[in-house]
């Protein structure tokens, strides 16, 4: 049922829909929808080598396409009854220059793919189209393909890793079946949510598989160990479940509560992804503890029949080498931790979905439009209706901004001398509603960036001087401006909740005040180093990816630290610090390496296969973060545990550390 139900779940490709309901741009959008029939332009088309009369005809053809509305061209900005040579040159050049005509229009939400395909047929290959709706259409087309492509690459890699790390050809099938079932159920149960974001669709299934595969590996490895000590497979499985349950429960709990922190984001994309991952981890845990034991006991003879020699050569004396590096590793951490912490908060962030792939038509079309008409980022202002004289002065001041290329308003198209009451509703409808006057401001700023956000501040300041707080401003760049302020608040809340939740789980797991601190310092340092790299390499980073990965990396990779620390704690009861640590590294480095290699592979494949910058950035950060976490756990964590051995003993309930000679 779930396998079929997943195909009926609606996918939302609009980041705007996930802004809080009380954000200024959301309120502005709702106000305009209530007051005006038309919507904000989200697409542009450039027609080359076209006469003005042909442009009028093309405008009508564009209007006739299903899903297209609010087509704006030169005749909406000036009175075309007068000679074009007498009109304001800057205004004319915004719509028509050197025989090229630029049309702006709105494509209805939900119809982006069909409508843009039809427009492409209308304009042919020689003309160009760009805009937010086209970006959405491109994302819709690519997300499904790229998810399948990522899975097609990833599953064979995971199978190879599992085959190399096990001694039976059948075990990888058991692992993937147990987790695969939970992934499919998770995807199917999204039908009760009704809709998920394209980020969740792209990231959640693969991330669930990578993070929770450890649970199956823990259980079957324990089962294999007890098979050698017991008479029956059933008895071996019973003991394996008892032995592995604490480690699996601790790993699942840290990940579970870490992902819950995402649901507290005001920017609801976090809640969307967090809910799916929380649901996925819970289903994976149930599958491993209920379905996998039953599956294994039914088909355990396949494990016996398909046994093979260990394919990877054993790494001898690796623990001795790693222990030698514990002091240098600690010194390196102390040197880098402060710059990493400061650097990760100073990165140049992007808040949108970024540019299209360079090889795509969308990328080339946008470049072609910008080459002729320059940057074009429209904004819409809704002002109190009634005072035409004030509006005229305000529009003139708007035009004084060097970033403003042109404006479309009643005073531009009709003129302040003619009272609106003298004209028919069909003439005034684009400019006036019952309560508001609408002005379209065509700007030359980028969609986002410090210069753009500074310009928005200036526009808001000017508008406040004229109308105080009784106005609304909207547009893609304004939405990203709001997004910047919303997600920055989220960062502190989500990171704090993640650390607190994981600390509580670790406190309960280890019954210690010091173990949680040591583990969190180790993994959080890896997170900071990972997120600071874009700053030190001067690479802009998509903020949504940064925000999500700061939680996901901590929640997903703390398992490595738990596995090593749990084993060290037990070994420390039987021997001194260094021998206990050497034995622990020897026993656990392979398991931790397998887990890290799977999670890292997931990340890097998402990065390589996704054309969407948000998904790609999550992938890159995840892949790099898993490797950094592995390095920190096998180098820095042993150093911290050795250095703080006495403190840990005194702050751990019933530590029972070995005190022999």
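How much length would be gained if the chain were fully extended between residue 193 and residue 421, taking 0.36 nm per residue of separation minus their Cα-Cα distance, in nm to one decimal?
Numbers: separation 228, 0.36 × 228 = 82.08 nm, distance 4.87 nm.
Net length gain for the segment: 77.2 nm.
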Ordering 488-499, 325-336, 552-563 by per-residue average of other C-beta atoms within 10 angstrom, highest first, gives 552-563, 488-499, 325-336
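What do you get for Rg/Rh of the chain when both radii come from the Cα atoms and Rh is the Kirkwood radius? Write down the numbers at each step before the final one.
On the way: Rg = 29.9 Å, Rh = 27.8 Å.
Computed over Cα atoms, the ratio is 1.07.
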By how many degrees, between 0 and 90 and to the nearest 10, does the Cα long axis of helix 543-572 differ from the longest principal axis of the chain?
10
Nearest 10 degrees, 0 to 90: helix 577-609 Cα axis against the chain principal axis
30
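Express in nm, to one decimal, how much length is gained between residue 659 and residue 464 on full extension, taking 0.36 nm for each residue of separation and deducting their alpha carbon distance. Walk me through the numbers on the way to the answer.
Working: separation 195, 0.36 × 195 = 70.20 nm, distance 7.31 nm.
Result: 62.9 nm gained on full extension.
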Please report the spacing between the Cα centers of the stretch 117-169 and the stretch 410-424 in Å, no decimals.
50
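Fewest Cβ neighbours within 10 Å first, please rank 218, 453, 223 accordingly. Walk me through the numbers before you get to the answer.
Details: 218 22, 453 17, 223 27.
Neighbour counts put them in this order, fewest first: 453, 218, 223.
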Rounded to the nearest whole number, the Stokes-Einstein translational diffusion coefficient of the stretch 365-474 at 20 °C and 1.002 mPa s (Kirkwood radius, C-alpha pairs) in µm²/s is 144
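Could you work out [θ]222 nm for the chain from helices alone, using -39500 (n - 2.57) per DSSP H run of at least four and dividing by all its residues? Round to the nearest 500 deg cm²/dmol. Don't skip to the answer; put the middle values down first.
On the way: 26 runs with 426 residues, N = 661.
After summing the helix terms and dividing by the residues of the chain, the value is -21500 deg cm²/dmol.
When the expected Rg is taken as 2.2 N^0.38 Å, what fraction or multiple of it is the alpha-carbon Rg of the stretch 40-136? Intermediate results must be reported in sequence, preceding the final value.
Working: Rg = 13.3 Å, N = 97, 2.2 N^0.38 = 12.5 Å.
So the Cα radius of gyration is 1.06 times the expected 2.2 N^0.38 Å.
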Going highest first, how would you order 586-594, 436-444, 340-348 by mean Cβ packing within 10 Å?
436-444, 586-594, 340-348
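For the chain, what's the relative contact order in percent, using C-alpha pairs closer than 8 Å and at least 6 residues apart? Mind dumping the intermediate values first?
Details: 999 pairs, mean separation 127.4, N = 661.
19 percent.
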Antiparallel %, DSSP beta bridges [both residues in the chain], to 5:
85
Give me the one-decimal nm value for the distance between modelled label points at residue 573 and residue 500, 7 Å along each residue's Cα-to-Cβ direction.
3.3
Please report the spacing between the Cα centers of the stretch 516-554 and the stretch 271-310 in Å, no decimals.
29
In Å, the C-alpha Rg and Dmax of the stretch 340-411 are 18.9, 55
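So for the stretch 501-644, averaging the separation of alpha carbon pairs under 8 Å that are six or more residues apart and normalising by length, what relative contact order in percent results? Display every interim value, and only then the final one.
On the way: 152 pairs, mean separation 44.4, N = 144.
Once normalised by length, the contact order is 31 percent.
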To make sure I understand, if each residue's beta carbon is the centre and we count other beta carbons within 10 Å, what order do 502, 337 fall in, fewest to most?
337, 502
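Tell me, what is the FRET efficiency for residue 243 and residue 309 to the nearest 0.05, using R0 = 35 angstrom and their Cβ-Cβ distance as r? Walk me through the numbers before you get to the answer.
Numbers: r = 26 Å, r/R0 = 0.73.
FRET efficiency, residue 243 to residue 309: 0.85.
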Simple label model, 7 Å out from Cα along Cβ direction - residue 286 to residue 235, nm
3.3
What is the Rg over Rh value, at two decimals, for the stretch 154-294, using alpha-carbon atoms and the Kirkwood definition of Rh?
1.02
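Output the peptides 403-410, 69-76, 194-201 sorted from most to least packed, where packing is the average of other Cβ atoms within 10 Å over each peptide's residues. Working shown, then result.
Numbers: 403-410: 22.2, 69-76: 19.0, 194-201: 20.6.
Ranked by mean Cβ neighbours within 10 Å, highest first: 403-410, 194-201, 69-76.
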Rough spin-label spacing in nm, given labels placed 7 Å along Cα→Cβ, for residue 52 and residue 359:
4.4
If I fit a long axis through the Cα atoms of helix 476-510 and take the longest principal axis of the Cα atoms of the chain, what angle between them do I get, 0 to 90°, rounded to 10?
10
From Cα pairs below 8 angstrom and at least 6 apart in sequence, can you work out the relative contact order of the stretch 40-136, rounded to a whole percent?
48
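Each reported figure results from applying straightforward, stated rules to the coordinates on display, with no laboratory input. Fair warning: this is a prediction, and the values are worked out from it, not measured in the lab. Glycine also receives a Cβ, built like all others from the backbone with ideal geometry; neighbour counts cover every protein chain displayed.
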